[in-house]
Amino acid sequence: MNDWDGNKKLLLELSRVGENSACADCGAADPEWTSYTLGIFICLNCSGVHRNLSGISRVKSIQLDFWDDTLVKEMRNKGNQAVRKCYEAKVPPFYYKPRAADCRVLKEQWIRAKYDQKEFTGACWSQWQEFITLEPGAGDRVGCLWKRGKDKGSFRSRIFHLVEKEGALLYYTKEGGKGPKGVIPLSNMNAVFQPEKIGNPHGLQITYLKDGHTRNIFVYHKNGKDIVDWFNAIRAARFRYLKSAFPTASDTDLIPKLTWNFAKEGYMEKTGPMEREPFKRRWFTLDTLDRKLLYFKDPLVSVSTIYTRTVGRHITAAFRIHLTCMDGHQWQ
């Protein structure tokens, strides 16, 4: 006879042991759900993705569902650490593993790549294997993305070409055009998912430097897998570029520099450089990796008005600006 209360207590204790204390897929603390067919402990958000993996993953709540003796024994025999050794055995160093605060499309495609496509078990061919090789052109990628234009913010299909030999991401207005409309160098490129800012669940912001200004382009793809594949292809190309530029640097040192999230974004009001100028509402971005505080006329402007460099706790700029939050409180 099953001891429902006893089994729930055992499972709760098991969920606090070692790697089980964090979600197997995004690292969120104190997971309260499981995929009992895979034998892992997961958070509420990732459990929603697992529900859509028909025939692969079935989920249960630790607290809300009944657990029989057989399932508890299976969970004890597996667990996050053992399952990760199987399904994450061959994850390339550049491939992005989502965190708890990341957007849904990153988590969904990571979970599907792991358990559905089994891309990282080493048992079958993976599209990412060729990115690890040193063959010229291994990191090239061609495809269409929807890019936000300057006119009324409409998105139009553009052809993008990641050319590792040229060290750049190129985009064209039409196939067979004479030359690229834009050239984005790998050397100072960053890519970050911005679904809320762009207004699309697959929205990706690509940032780079040109003529001393930070420039942005905003893109998306209708298919979640395609946009995440583009994101990881950019990371792969950046990884190979940085390995070449800094041959003595370790992977641990390089991986945080492939792509990175901004520390803080939001509206503030600024005045300056003249003292009598009125306060104007501007969108600010704090980029701690590049040590910059940037501001734009609005969140989706493609070119920064000016950029400032931060050194320790001090900010040096071409001119002095005075800032205040929209609600009068400090921007923390």
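Tabulated data for the structure shown
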read-out	value
Elements of type strands (runs of 3 or more DSSP E) contained in the range 160-229, each with 2 or more residues being over 15 Å from ASP140 (Cα atoms) and free of Cβ contacts under 8 Å to residues at least 40 places away in the same chain	204-210
Tally, over the range 34-64, of residues that are part of a helix (DSSP H, G or I), surrounded by 19 or more Cβ atoms within 10 Å (Cβ to Cβ) and of a type in the set (A, V, I, L, M)	1
Residue satisfying all of: in the range 196-210; modelled with pLDDT of 95 or more, open to solvent by 30 Å² or more (accessible area, probe 1.4 Å) and in contact with a helix residue (DSSP H, G or I) (Cβ under 7 Å, 6 or more places away or on another chain); nearest to PRO256 (Cα to Cα) among these	HIS202
Condition broken by TRP67, with the remaining ones in (1) under 30 Å from VAL192 (Cβ atoms); (2) touching a Lys or Arg at 6+ places or on another chain (Cβ under 9 Å); (3) in a loop (DSSP other than H, G, I, E, B) satisfied	(1)
The range 72-86 - residue that is over 11 Å from LYS8 (Cα atoms), out of contact with any Ser or Thr (no Cβ under 8 Å at 6 or more places or on another chain) and not basic (Lys, Arg) and, of those, surrounded by the most Cβ atoms within 10 Å (Cβ to Cβ)	ASN80
Residues being within 19 Å of the chain's Cα centre (by Cα) and open to solvent by 50 Å² or more (accessible area, probe 1.4 Å) - total across the range 242-255	4
Any hit, the range 211-221, residues being surrounded by fewer than 19 Cβ atoms within 10 Å (Cβ to Cβ) and over 24 Å from ARG158 (Cα atoms)	yes
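The values are calculated or read from the model by the stated rules, or taken from the named source; none is laboratory data. All values derive from a computational prediction rather than experimental measurement. We place every Cβ from the backbone using ideal geometry, glycine too, and count neighbours over all the protein chains shown. Each accessible area value is taken on the protein alone, full model and side chains, heavy atoms only, with ligands, DNA and RNA left out. Shrake-Rupley method; radii C 1.70, N 1.55, O 1.52, S 1.80 Å.
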